[in-house]
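Here, each number is a calculation from the coordinates, and none is a lab measurement. All of these numbers come straight from a predicted model, not from anything done at the bench.
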Amino acid sequence: MRAILLTLLLALAPAAMAQEASPAPTEVEAETEFDTSYTPSAAVTYRVKRSFLDGVYRSAGADARAAFRERFDEKSHELIWQDLVEPYGMRIGNVADALAAYWMLNWMVANAAFTVDVPPGPVRRQLHQALSVDRSFRALNDDQRQVMAERLMLDFLVLHAAMSTALRNQDVATLQGLAREAVVTFRRQYGVDLLALEPGADGLAPRSNVPPASEPEAQPEPEASPAE
């Protein structure tokens, strides 16, 4: 998994770095020649959910685990996720979709960009291309792809729920905390500074003018995200 996360940096690397790497397929070639989908398995979904609930128990206690379990008993986590992102063309069964939704939501939270309409297509193509040139990802079987995607879905749902509650309550302190956490998580896991990126035709790309690093400020505004 670590190798896959590192390879995703190719999607955001400067031109000089990209030239030193192995030639990447063009956007059209990546979309037509490489498939990031998987066939969902109920057994895998059960294992991912059980692992997630165990983690909730260790970090937040029995009450939090019971609350998540009750919610997922009403509707599975992957169906909840799909309801939120389907208007943006994302669906269960594709790692690129799960990854794009996760990156977009974290960028919005980190930058307090709750009213920014991030075009999902460029971000998905950007991350699809990164996956397409990753040998570690190519080696994953169906079950392993599903595990990767559903873990991203669950992380997405946890962040989305926290963000939505904070926006509804106009809880600036919580929004600022979520922003800091998103920034730190992406710096550690991906080596990417969410505060230095902006959405565009090429996905989430480096800003043309990046201000000095500072604590992200979050202001509650009406919610509008690929996670509504």
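Remark on the range 53-152: ratio of C-alpha radius of gyration to 2.2 N^0.38 Å is 1.21. Residues whose amide H falls under 5 Å from that of Val118, counting only those 5 or more places apart or on a different chain, are absent, with hydrogens built in the peptide plane.
Annotation: amide H-H contacts under 5 Å for Ala205 (H modelled 1.01 Å from N, sequence separation of 5 or more, or interchain): Glu198, Gly200. In terms of overall dimensions, the C-alpha atoms belonging to the range 135-182 reach 44, 17, 8 Å along their principal axes, ordered largest to smallest. Computed from backbone phi, the HN-Hα couplings of the range 187-193 come to 5, 6, 7, 10, x, 10, 9 Hz, rounded to whole numbers (Karplus: 6.51 cos²θ - 1.76 cosθ + 1.60, θ = phi - 60°; Gly and Pro given as x).
The smallest convex shape that holds all Cα atoms of the range 103-214, its convex hull, gives 115 Å³ per residue.
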